[in-house]
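Accompanying notes for the structure given below.
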Amino acid sequence: MNNQVNLTDEDKEELKLLLNSPSLKIARELKEELITTYNSNITASGGMRTIKKRLISARVMFSSVADTIDSHIDEICNYFNHRTTSGVTEGI
């Protein structure tokens, strides 16, 4: 799913239809909050606190995803230290 700023008018119309589903609407809101967190200028500990707050909400409907994120929270929050990921390496 694209970020809100990258959506075309057609994408926005499709999204509006999809967001009639409460669970999809909540999932999208959580995704947007996570992107905002990653794009903010905060420390690793600040990022961890913010993500853990989001996990409380996410756990209600998406418990297995929240559990996975929680089990890797240290590695995920290392991103905030250097603003890099191992995505390219993992892709190889």
**Q.** Residue check for THR36: part of a helix (DSSP H, G or I), crowded, with 16+ Cβ neighbours inside 10 Å, modelled with pLDDT of 85 or more and hydroxyl-bearing (Ser, Thr, Tyr)
**A.** no
Q: Kindly provide the set of residues from segment 47-65 that are part of a helix (DSSP H, G or I) and touching a Ser or Thr at 6+ places or on another chain (Cβ under 9 Å), ordered by number.
A: GLY47, THR50, ILE51, ARG54, MET61
Q. Which members of segment 12-30 meet the condition of being open to solvent by less than 50 Å² (accessible area, probe 1.4 Å) and not hydroxyl-bearing (Ser, Thr, Tyr)?
A. LEU15, LEU19, ALA27, ARG28, LEU30
(Q) Show the residue pairs meeting these rules: Cβ distance below 7 Å; 6+ apart or different chains; first residue within segment 18-29 and more than 19 Å from ARG54 (Cβ to Cβ); second residue open to solvent by less than 90 Å² (accessible area, probe 1.4 Å). (A) LEU18/LEU24
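The values are calculated or read from the model by the stated rules, or taken from the named source; none is laboratory data. Because the structure is a prediction, the values reported are computed rather than measured. As a convention, Cβ positions derive from the backbone with ideal geometry for all residues, glycine included, and neighbour counts pool all protein chains shown. Keep in mind that these areas ignore ligands, DNA and RNA; they rest on the heavy atoms of the full protein, side chains included. Shrake-Rupley method; radii C 1.70, N 1.55, O 1.52, S 1.80 Å.
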